[in-house]
Amino acid sequence: MNRWTSVLFVALASLLINTASAQTEDFKPNTRQFPKEARRGELVVLTAPEIAMDSKPDRLSPGVRIRDINNNLILSGTLANQRLIVNYLRDNTGLVHNVWVLNAEEIKQKMPGKPEGILSNIRSMFEPAVVKDDGNTPFNQLPKYKQ
C-alpha cells in the first residue's frame, strides 16, 4: 500500500508542475525561429494553389506546409481571401513551399523581403513583370527559360 501512495503522490506532483508551467507559457511572447532564407510577404490565397504574394500572382507548391500563429498545420482553403503577413520559403522550382502566418510579436521582427524606405517604390518599377500564360499565348511569344 505504501508503494501505491508514493506513486500516486509523484503522479499528482508532476501533474501540478505541468499545469503550472503550461499556464506561465501563455504569458510569454510566442516567437518562433525562422530559417535565414525565409522572406517576409503579404499572402492572399485566391483559389488554391493560386495565391497573390505581395500583390503579384504566385502559386503554392503541391506539398505546401502552412503553419498558423500557434504553429499548427492548416489548409490553404481556410485562408481564402484574407490578407496575412507571413514568412515563407520557396522550393527549388520557385513555388511557395513553407508558410508561417505571423503573430503580432513576430511581425515586429525585422526580416528580409519587404523593401522599406523611399526607394522601395522606385525599385518596384524596374522589377520584371510576372508573365502568366492563359493557355492562348502563341508558342513564339512564351517566355524563354535558361537551359
**Q.** Formal net charge of residues neighbouring L95 (Cβ-Cβ distance under 13 Å; K, R +1; D, E -1)
**A.** 0
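Distance cut-off 24 Å, Cα to Cα: go down the list K56/K144; K110/K144; K36/K146 and report the pairs above it.
Values: K56/K144 20 Å; K110/K144 35 Å; K36/K146 27 Å.
Those over the limit are K110/K144; K36/K146.
Go through Y88, Y145 and list them by solvent-accessible area, largest first, probe radius 1.4 Å. List each step's numbers first, then the result.
Numbers: Y88 20, Y145 175 Å².
My answer, sorted largest first, is Y145, Y88.
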**Q.** Distance in nm between pseudo-label sites at A80 and E42 (7 Å out along the Cβ direction from Cα)
**A.** 2.2
Q) When the Karplus curve 6.51 cos²θ - 1.76 cosθ + 1.60 is applied with θ = phi - 60°, which whole-Hz ³J(HN,Hα) does each residue of region 57-67 get, with x for Gly and Pro? A) x, 8, 9, 8, 6, x, x, 4, 10, 10, 10
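What ranking do 66-79, 36-49 get when scored by the average of other Cβ atoms within 10 Å per residue, highest first?
Numbers: 66-79: 13.6, 36-49: 16.0.
Answer by packing, highest mean first, reads 36-49, 66-79.
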Q.
Could you work out how much longer the chain between K110 and S55 gets when fully extended? Use 0.36 nm per residue separation minus the Cα distance between them, nm to one decimal.
A. 17.8 nm
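If you stretched the chain out fully between L15 and N71, how much longer would it get, using 0.36 nm times the residue separation minus the C-alpha to C-alpha distance? Mind dumping the intermediate values first?
Numbers: separation 56, 0.36 × 56 = 20.16 nm, distance 2.44 nm.
This chain segment gains 17.7 nm when fully extended.
The values are calculated or read from the model by the stated rules, or taken from the named source; none is laboratory data. Note that the structure is a prediction, hence the values are computed from the model and not measured. Every residue, glycine as well, gets a Cβ built from its backbone with ideal geometry; the counts of neighbours run over all protein chains shown. Surface areas here come from the heavy atoms of the whole protein model, side chains and all, with no ligands, DNA or RNA. Shrake-Rupley method; radii C 1.70, N 1.55, O 1.52, S 1.80 Å.
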